[in-house]
Amino acid sequence: MELAKRMTKLKPSATLAAAAKAKNLKEQGVDVLSLTLGEPDFSTPENIQEAAIDSIKTGKASFYTPVQGISELIDAVITRTKSDYEIEYQTNEVMVGTGAKFILYTLFQTILDQGDEVIIPVPYWVSYAAQVELAEGVPVFVEGHQSNDFKVTVEDLEKSVTSKTKAFILNSPCNPTGAIYSKEELKKIGKWAIKHNILIVADDIYGKLVYNGNVFTPIATLSEKIKEQTIVINGVSKSYAMTGWRIGYALGNSQIISQMIKIASQATSNPSTVSQYAAVEALTGDQSQVEVMRQVFEERLNHVHHRLSQISGFKIDKPHGAFYLYPDISECMANCGYTDVDEWVSDLLEEAHVAVVTGAGFGTKHHIRLSYATDLETLNQAIDQIIAFVDQKQIK
Ligand SMILES: *Cc1c(COP(=O)(O)O)cnc(C)c1O
């Protein structure tokens, strides 16, 4: 049977593909160390688990809910956002959905017509471009400056604006680089977006995972005008170790939100009811576990960054947030006789049994992404094996 033309263009998620490949080798009995996945390695905190169990036992979890999400959860999102960032939203400006990823999908379906352009800074999270294309939009990539943690400036953005530019995706802290935009940088970007009437899609999902005294500023908090120009994307996956529960949310313009809910009403209906009750507890209950997990990530980052930066041919600035490292390995590749980062990554997996994600999936040619959402022992062992691999490959 002939499949839809859009399928020829659609690639599977590079991060999920890398993880699947590692898992495959594992199942063949190979002892693979995987640094591929973008999810916390902690179990969901106990109080959240209990709330979920309670919603099952009391029968609440048995039924559909409003597509937008249960009112307790909408209120919890509003209250948490207000108390964390001093910014206020109304009930009709919020939706809860099946993960931030699906929320983003509904957003692009809502705002893009064929040929509309979305500016995406490089390197970018793998799904942005694919989702824009699924909505028949056109991703316009803007290369950030490696010397400035790959962040883009208004000057860079200005060159990419056309009459078709609809939106700009801001992911701070960034997956894969861990970069965080400063308040000053964000103010300029906000002004620029208002001037051109470009919607800011602020993917704030790593907002609570910032390290070593760095500060995350949500762009929507900078002025009332910028807030009106922004759709905030967030969720419980990363901050509360709840990736499997699939709860994300969006905050912003009620007209856009209501259309996104309409798409969900035809695609998924409400996000899983048991997960919604769990998310209420995550957002309203004891927050101390968030800080405990953050501190563990910070310790790992400091240790792993130090070790990786000593590997011959690895160039790596210290990330400020999220849980990834994104070293430039161009010198290492050259020293080892590689021109293609995919091949380097593939050989690392097959010969050294360490799985990382190729930077090609994020739009750059000489980088790899390593996740430190893994215990220190695994991280240390993986780094030992990377060092041995590089030593052995160096052209003598
Ligand atoms: C993990 C991630 C998401 C999606 O999270 P969900 O689990 O779908 O809520 C969105 N954006 C970025 C940048 C991510 O890394």
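Counting each DSSP H run of 4 or more residues in the chain as -39500 (n - 2.57), what helix-only mean residue ellipticity at 222 nm follows after dividing by all residues, to the nearest 500 deg cm²/dmol? Working shown, then result.
Working: 15 runs with 176 residues, N = 396.
Value at 222 nm, helices only, nearest 500: -13500 deg cm²/dmol.
As a footprinting exposure proxy, order 304, 138 by other Cβ within 10 Å, with the fewest listed first. Before the final figure, lay out the partial values.
Values: 304 21, 138 18.
Neighbour counts put them in this order, fewest first: 138, 304.
Report the relative contact order of segment 10-158, percent, no decimals, based on alpha-carbon pairs under 8 angstrom and at least 6 residues apart. Display every interim value, and only then the final one.
On the way: 125 pairs, mean separation 23.7, N = 149.
Answer for segment 10-158 is 16 percent.
Return the distance in nm (one decimal) between the two label points of a simple spin-label model at residue 306 and residue 153, each offset 7 Å from Cα along Cα→Cβ.
3.4 nm
What pairs in 188/365; 187/225; 166/365; 159/227; 208/365 have C-alpha atoms more than 18 Å from each other?
188/365; 166/365; 159/227; 208/365, as the Cα separations exceed 18 Å there.
What does the charge count around residue 140 come to, taking other residues whose C-beta lies under 13 Å from its C-beta (Lys +1, Arg +1, Asp -1, Glu -1)?
Details: positive: 159, 164, 166; negative: 116, 117, 133, 143, 156, 158.
Charge balance near residue 140 sits at -3.
Using a cut-off of 15 Å between beta-carbons, work out the net charge of the residues near residue 113 (Lys and Arg +1, Asp and Glu -1, residue 113 not included). Intermediate results must be reported in sequence, preceding the final value.
On the way: positive: 164, 166; negative: 116, 117, 133, 136.
My count for the surroundings of residue 113 gives -2.
Need one number: nm distance between label points at residue 31 and residue 10, each 7 Å from Cα along Cα→Cβ, rounded to one decimal.
4.0 nm
Give the order of 293, 1 when sorted by the count of other beta carbons within 10 angstrom, beginning with the fewest.
Values: 293 22, 1 2.
Listed from fewest to most nearby Cβ atoms, that is 1, 293.
Considering only DSSP beta bridges whose two residues both sit in the chain, what percent are antiparallel, to the nearest 5? Provide the component values of the computation, followed by the final result.
Values: 16 of 35 bridges.
Taking every DSSP beta bridge with both residues in the chain, the antiparallel ones total about 45 percent.
Which is the longest run of the chain containing none of the chymotrypsin sites (Phe, Trp or Tyr not before Pro) found in DSSP loop states (not H, G, I, E, B) with at most 12 other C-beta atoms within 10 Å? The partial results should precede the final answer.
On the way: sites that count: 63, 64.
So the longest stretch without any such site is 65-396.
Aspartates and glutamates near residue 164 by alpha-carbon distance under 15 Å, same-chain residues fewer than 8 away left out - which ones?
Filter leaves 113, 116, 117, 133, 136.
Hey, if you put +1 on the Cβ of every Lys and Arg and -1 on every Asp and Glu Cβ in segment 93-184, which of 131, 110, 94 ends up farthest toward the positive end of that dipole?
94
Once you place label points 7 Å from the Cα toward the Cβ at residue 342 and residue 395, how far apart are they in nm?
Calculated label separation equals 2.2 nm.
Of the options 263, 352, 333, report the single residue whose Cα projects farthest towards the positive end of the charge dipole of segment 245-363 (beta-carbon charges: Lys, Arg +1; Asp, Glu -1).
My answer, from the dipole projection, is 263.
No value in this document is a laboratory result; all are computed from the given coordinates. Worth saying up front: this structure is predicted, and the values here are computed from it rather than measured. Positions of Cβ are backbone-derived with ideal geometry, glycine not excepted, and every protein chain shown enters the neighbour counts.
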